[in-house]
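For reference, the structure discussed in these notes is given below.
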Amino acid sequence: MAGLYIHIPFCRQACTYCDFHFSTNTKRKEEVLSAMQRELELRAEELKGATIDTIYFGGGTPSLIAIEELASMLRTMRERFTIATDPEITLEANPDDITEERLAAWKAAGITRISLGTQSFREERLRFMGRAHTANEAIRSIDLIAKASFASWTIDLIYGLPDMGLPEWDEQLTIALDHGMPHLSAYCLTVEPRTALAHQVKKGLVKEADDADQSAQFDRLMERMDTAGLDHYEISNFGRSGHYSRHNTSYWNGAHYLGIGPSAHSFDGRTRRWNVRSNAAYTKGVDTGGTYWESETLSAADRTNERLMTGLRTQWGVDLSAIEHDILNIHSSAVQGHVSKGHLQVRDGRLVLSKAGRHFADRIASDLFVVAHDR
Ligand code: SF4
């Protein structure tokens, strides 16, 4: 089984915290999208013999492109790739693009899952983050999606905002749960370098939230989702049974995937490849047969470290028999240290974080990283 990731590199406006690749200039949208169609055709060979189980339209803002542009890409995929009989096909959408008609057209084109970029239900927070939609649009779009009978849907929310207290976070989660969401991706705000938010922080215009507040909000998130019956299956992801993201779960389990479009990443089990983060350079590269990507072949140590980094973030943990290093032996004292603090468990041949350990997932993973000469 393998996946396809399609990066649509356009947004209506720039959110202040965002460091994904996108452009707000849509003048050359058709050229970029036809280069992406060509990339799909050119690279179909790379997944020859594999069945595509999941397709993910991310970005950027995939809901900005016309239905016919989306349908045309899906037609190319069906012609060039072997697609599973019941694929999960996700479309990321923003609330300002949601109408009953568009939802019906996406469904007719084959989309099975909508991922809605809600982020907040408070007007002042949406303005602070530079989002293009309003709080009313966020709620209205959720209600429309819930009625549209997709196989699944999910929303994104952001916590850890400056001066956010538990009452505000509780209110956000209550609104989301009251509207029947079967899956939630909740991200703690991080200040990425070279974003408008980083600039505001540097100038003293915005004060970052305290770690203790962010940590309390993460605890409240786990508690509320647990009570509501959503499984915490990855650090930032909660879903009811049958509603986990198949695409992301395969990615965390090391599945192969092809990434199409500017900045998209691909992985074939050994090599990572990433396309250039420029719409113009990407289009020119595809059109002229030039090189528009870089790649790196992972060493055994890289492969182990990636499995630790992604696996520890999931409820299934890291299958010790599936990695190429004897972590329990190489890092016996670090493993023991985290186990004795109650942050890590070794059970059934797997390394799994405890609930308390989920606060420190990245730190624990990096403590267990191996270097090239480890065996
Ligand atoms: S809509 Fe999404 S991709 Fe576009 S700027 Fe905002 S957060 Fe980034």
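Just so you know, all these numbers are worked out from the coordinates, no wet-lab data involved. Bear in mind the structure is a predicted one, so any value in this text is a computation, not a measurement. Because the Cβ atoms are built from the backbone with ideal geometry, glycine has one as well, and the counts that use them run over all protein chains shown.
For the range 184-232, state the average projected area of the convex hull of the C-alpha atoms over all orientations, rounded to one decimal in nm².
Computing the convex hull of the Cα atoms and averaging its projections yields 4.1 nm².
Per-residue ellipticity at 222 nm computed for the chain from its helices equals -11500 deg cm²/dmol, with DSSP H segments shorter than 4 residues left out and the rest contributing -39,500 (n - 2.57). Distance distribution P(r), the chain, all Cα-Cα pairs, bin width 10 angstrom from 0: 5, 22, 31, 29, 13, 1 percent.
For Thr118, the amide hydrogen comes within under 5 Å of the amide hydrogens of Asp156, counting only partners 5 or more places away or on other chains and with H modelled in the peptide plane. Applying a threshold of 30 Å to the alpha-carbon distances of Lys27/Lys107; Lys27/Lys48; Lys29/Lys107 flags Lys27/Lys48 as lying beyond it. Residue separation of Glu208 and Glu124 scaled by 0.36 nm, minus their Cα-Cα distance, works out to 28.6 nm of gained length. Assign one of three labels to the range 72-165, namely rounded, prolate or oblate, based on the Cα gyration tensor with a ≥ b ≥ c the square roots of its eigenvalues; rounded applies when a/c is under 1.5, prolate when it is not and a/b is larger than b/c, and oblate otherwise. Here the range 72-165 falls in the prolate category. Backbone phi angles across the range 248-263, fed through the Karplus curve with coefficients 6.51, -1.76 and 1.60 (θ = phi - 60°), yield HN-Hα couplings of 5, 4, 5, 4, 5, 8, x, 5, 7, 8, 10, x, 10, x, x, 6 Hz in residue order; Gly and Pro are listed as x.
Treating r as the C-beta distance of Asp302 and Glu100 and R0 as 51 Å, the FRET efficiency rounds to 0.65. In the range 300-367 the Cα-Cα distances spread across 5 Å bins starting at 0 as 4, 19, 33, 30, 12, 2 percent of all pairs.
Shown for Val371, Val335: other C-beta atoms within 10 Å of each C-beta, ranked fewest to most, produce the order Val371, Val335.
Residues whose amide H falls under 5 Å from that of Tyr159, counting only those 5 or more places apart or on a different chain, are Tyr187, Cys188, Leu189, with hydrogens built in the peptide plane. Bridge orientation summary for the chain: considering DSSP beta bridges with both residues in this region, about 40 percent are antiparallel. Amide hydrogen proximity for Ile8: with H placed 1.01 Å from N in the peptide plane, the residues at 5 or more positions away or on another chain lying under 5 Å are Gly58, Gly59. Note on the range 269-345 and the range 24-97: Cα centroid distance 25 Å, given to the nearest whole angstrom. What does a probe at Leu42 reach in the range 266-288, counting residues whose amide N is under 19 Å from the point 7 Å along Cα→Cβ? Those under the cut-off are 266-268, 272-288.
Once the C-beta distance of Glu31 and Lys341 is scaled by a Förster radius of 45 Å, the resulting FRET efficiency is 0.25 to the nearest 0.05. Arranged from fewest to most other beta-carbon atoms within 10 Å of their beta carbon, Asp211, Asp231 become Asp211, Asp231. Modelled spin labels at Ala151 and Ala372, positioned 7 Å past Cα toward Cβ, are 4.3 nm from each other. Taking the chain as a whole, the Cys residues whose C-beta sits 4.7 Å or farther from every other Cys C-beta are Cys11, Cys188. Subtracting the Cα-Cα distance of Ala108 and Asp170 from 0.36 nm times their residue separation leaves 18.7 nm of extension gain.
Listed by chain and number, the aspartates and glutamates placed with their C-alpha closer than 15 angstrom to that of Lys147 are Glu100, Glu101, Asp178; residues fewer than eight positions away on the same chain are left out.
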